[in-house]
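Structure first, commentary second.
Derivation of every value follows stated rules applied to the coordinates shown; laboratory data play no part. Since we're looking at a predicted model, the values are computed, not measured. No Cβ is skipped: glycine too gets one built from the backbone with ideal geometry, and neighbour counts run over all protein chains shown.
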Amino acid sequence: MTNSPELPSDVKELDEWQRALRAQFPIVTAHPDLAYLDSAATAQKPRPVLDAVQTYLTTSNANAGRGTYPWANRTTALVEQTRDLVREFLDDPAPERSAVHFTSGTTEGLRTVARDWLPNFLADGDEIVVPVADHRANIDPWTETQRLLARQGVHVRVVAMPYQQASGDYDHTALARLAGPRTRFVAVTHVHHVYGGDMNVHRIRGAVGPDAVICLDAAQSVGHLPVSVAGLDVDFVAFSGHKALALPGTGAVWARQARGPAFVPGGWSGTPNTVGIVSLAAALDWLRAAGTDRIERWTVALAARLTDGLRDLDAYEVVGCRTSLAADSPVQRRRGIVTFRHRDIRSGDLGFILFSHGFMVRCDHHCQGSAGERSESVRVSLHVHNTVEEIERLLSVLGALG
Ligand code: PLP
């Protein structure tokens with residue numbers, strides 16, 4: 001499958017780079033007739049990640065933090081080195097102070113913060129801001145903590161994050177009005193998993209002031225674009241390793257350890273997911289070598305092409321960010337996710353039709369919170385192995401449906 005001749009001019013120079021990377025995804029190259037367009041759910045794995053797992057299991061598989069023989073020591077070192085790698089990958093300016101805790105994904109990361117840290121931080125009368133139109137993984141843990149604290153006589157108010165209706169962006173001006181001295185914790189999302197936009201989280205700190213703790217759901221940004229905790233001034237970052245090219249059942253939560261009590265995930269957690277952690281290290285190395293800035297440029301260009309193409313088709317409504325990706329536009333921050341509906345065809349049915357043409361997309365409510373979209377939609381989510389040809393073919397199939 002090729003990119004030319006339709007390659008958008010701004011990413012033409014990435015053509016060869018992209019072909020070389022695509023060739024490293026065995027599941028993708030084995031199925032040239034299929035297009036995997038569901039990387040927001042979980043990502044495909046490049047060969048070096050698979051090789052790292054195979055090598056580890058056939059050379060030094062052991063438990064971590066227990067035995068004293070070489071395989072065990074090596075496993076312990078791999079786990080600790082991967083913690084450092086996560087810090088580096090997130091551009092951590094003070095790695096000696098931060099904590100990295102491995103999880104099965106973003107949901108468990110956010111839930112660990114909610115369960116093991118938040119109750120020690122909040123006091124009666126405090127407020128927390130919850131992004132009620134984001135992924136449920138970034139809503140339910142916070143309201144569960146609220147209920148848990150209420151049973152102990154500590155009453156915390158949940159403030160619903162305000163949104164701009166048309167784009168699905170946060171309304172930072174309204175948030176600044178809502179936030180007061182008792183607003184102590186703010187949960188936000190980096191890239192929205194339905195609306196596809198970068199949520200401008202660098203503006204959240206300005207809206208909520210210097211003391212509030214900000215917890216970032218980075219499920220759709222880590223592995224897709226450069227994420228710098230130095231630049232964002234957030235306190236927690238939770239992400240899914242499996243969406244960043246590592247094995248299923250992997251993820252991490254990074255904690256700055258600067259505001260509030262230390263983040264010390266509670267209890268005896270038993271044997272870590274050593275194979276998953278090995279795969280995460282290999283995935284982060286691969287992403288670094290590939291360049292997350294270039295991966296971002298590539299997927300953003302494909303998403304822009306799809307958004308523009310859909311806008312030309314009367315039967316489709318694009319959900320969330322609607323304009324294409326002019327860098328100077330105040331609204332266009334669409335990343336590699338495009339969600340849409342057909343005027344007459346149910347999204348679930350559209351999913352079946354698209355698969356009959358070889359396209360694997362997601363068609364449902366996408367686990368969005370109760371303040372999110374009322375009806376189902378089709379989501380296309382991209383990674384570096386996707387091609388311009390796939391997008392053009394998708395647009396022609398969609399166009400033929402009227
Ligand atoms: N947050 C967002 C924005 C997501 O898109 C997802 C995954 O779909 C999650 C959280 C949950 O991630 P995981 O399934 O790895 O726990």
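Points worth noting:
- Exposure proxy order (Cβ contacts within 10 Å, fewest to most) of Met360, Met199: Met360, Met199
- Taking other C-beta atoms within 10 angstrom as a stand-in for reagent exposure, Val237, Val132 fall in the order Val132, Val237, fewest first.
- Within-15-Å neighbourhood charge of Thr103 [Cβ basis; K, R +1; D, E -1]: +1
- C-alpha center-to-center spacing [the stretch 222-256, the stretch 272-293] in angstrom: 11 Å
- Note: relative contact order over the stretch 108-164, using C-alpha pairs below 8 Å and six or more positions apart, is 44 percent.
- Taking 0.36 nm per residue of separation and subtracting the Cα-Cα distance, full extension of the segment from Asp364 to Ala400 would add 10.7 nm.
- The share of alpha-carbon pairs in the chain lying farther apart than 36 Å comes to 25%.
- Rough spin-label spacing in nm, given labels placed 7 Å along Cα→Cβ, for Arg205 and Glu392: 4.3 nm
- Applying 0.36 nm per residue to the separation of Thr173 and Asp344 and subtracting their alpha-carbon distance, the gain on full extension is 57.9 nm.
- Relative contact order, whole percent, for the chain stands at 24, derived from Cα pairs under 8 Å and 6 or more residues apart.
- Ala35 long-range amide H proximity, modeled H, under 5 Å: Phe359, Met360
- Segments 220-230, 73-83 sorted - mean Cβ within 10 Å per residue, highest first: 220-230, 73-83
- Taking the stretch 51-289 and dividing mean pair separation by its residue count, relative contact order in percent (alpha carbons under 8 Å, at least six apart): 26 percent
- Taking a sphere under 13 Å around the Cβ of Glu144 and counting the other residues whose Cβ falls inside, with K and R at +1 and D and E at -1, yields a net charge of +3.
- Ellipticity at 222 nm from helices only: DSSP H runs of n ≥ 4 in the chain, each -39500 (n - 2.57), divided by the residue count, give -11000 deg cm²/dmol.
- Only the Cβ atoms of Lys and Arg (+1) and of Asp and Glu (-1) were treated as charged; on that basis the dipole of the stretch 51-289 about its Cα centre amounts to roughly 400 debye.
- Residue order, fewest to most beta carbons within 10 Å, for His242, His202: His202, His242
- Stretching Ser104 away from Asp140 to a fully extended chain increases their span by 11.3 nm, per 0.36 nm per residue minus the current alpha-carbon distance.
- Counting charges near Gly336 (Lys, Arg +1; Asp, Glu -1) among other residues having Cβ under 14 Å from its Cβ returns a value of +4.
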